[in-house]
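The next block holds one structure in the form of structure tokens; read it before the comments.
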Amino acid sequence: MELRVVAYDEPDAAKLIDAVQQEYVVRYGDTDATPVDPAEFAPPHGLFLVGYVDGEPVACGGWRVRGADEAELKRMYVVDSARGRGFARALLAELERTARVAGRRRLVLETGRKQPEAIALYRSAGYTGIPKFGIYRDDPLSVCLGKDLEDDRGDLRTR
């Protein structure tokens, strides 16, 4: 998979974001209502990636600055036909790397209990439970996770 930095509202990104929103409709009955401004995913405030296989967009995800040293992961998604090939893990690793290079010390995310494969991916990558945040903080289906990022020497950053 080839990863490219793109604008959040670029056509391939928009196509994948629409697909993930439809996934939320299937699983939760509605789209994700979290406010998102495409400018939040433009450097230096954030980054959005689309993964391509044979020229076709198959995966996406991004991060946006949250607080003094955190970034929030948003819109991680892999199309059905490309699942099970390690693309989500590769995308997550690159998002972590780029956030770290941009000076972020911690990544956080909000997902839901009806996405067990996402929770399993994040937990296997070292994410642990954190206090709930965002518009779903009081939703019993909400799951919030975070991870301290390593510095360039492989040491965990401290707050």
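Every read-out reported here was derived from the displayed coordinates using simple, explicitly stated rules and does not represent laboratory data. Note that the coordinates shown come from a computational prediction; the quantities given were computed from them, not determined experimentally. Here the Cβ positions follow ideal geometry from the backbone for every residue, glycine too, while neighbour counts run over all protein chains shown.
Paramagnetic label reach from residue 56 (point 7 Å along Cα→Cβ; backbone nitrogen cut-off under 13 Å): within segment 74-102, residues 79-83. Note that segment 26-42 has calculated 3J(HN,Hα) couplings of 4, 7, 10, x, 7, 6, 6, 8, 4, x, 9, 10, x, 5, 5, 9, 9 Hz, one per residue in order, obtained from phi through the Karplus relation 6.51 cos²θ - 1.76 cosθ + 1.60 (θ = phi - 60°); glycine and proline are x. Computed from backbone phi with θ = phi - 60° and the Karplus coefficients 6.51, -1.76 and 1.60, the 3J(HN,Hα) list for segment 89-104 is 5, 5, 4, 4, 4, 5, 5, 4, 4, 5, 5, 4, 4, 7, x, 6 Hz; x is used for glycine and proline.
Adding -39500 (n - 2.57) for every DSSP H run of four residues or longer, then dividing by how many residues the chain holds, sets the calculated 222 nm ellipticity at -8500 deg cm²/dmol. Rounded to whole numbers, the Karplus 3J(HN,Hα) couplings from phi for segment 68-79 are 5, 9, 9, 9, 10, 6, 9, 6, 5, 7, 10, 4 Hz, using 6.51 cos²θ - 1.76 cosθ + 1.60 with θ = phi - 60°, and x at Gly and Pro. A Gaussian network model of the chain, with springs between Cα atoms under 10 Å, assigns the largest mean-square fluctuation among 92, 141, 16 to 141.
Global size of the chain: 14.7, 44 Å for Rg and Dmax (C-alpha atoms, Rg to one decimal, Dmax whole). Net charge in the neighbourhood of residue 52 (other residues with Cβ under 11 Å of its Cβ; Lys, Arg +1, Asp, Glu -1) is -3.
Cut-off 10 angstrom, C-alpha nodes, Gaussian network model of the chain. Which of 29, 51, 62 fluctuates the most? Its mean-square fluctuation being the largest, the pick is 29.
One decimal place: the segment residue 28-residue 5 gains 5.4 nm when fully extended, by the rule 0.36 nm per residue minus the C-alpha distance.
For residue 132, a cut-off of 28 angstrom between C-alpha atoms picks up these lysines, skipping any fewer than 8 places away in its own chain: 74, 114, 147.
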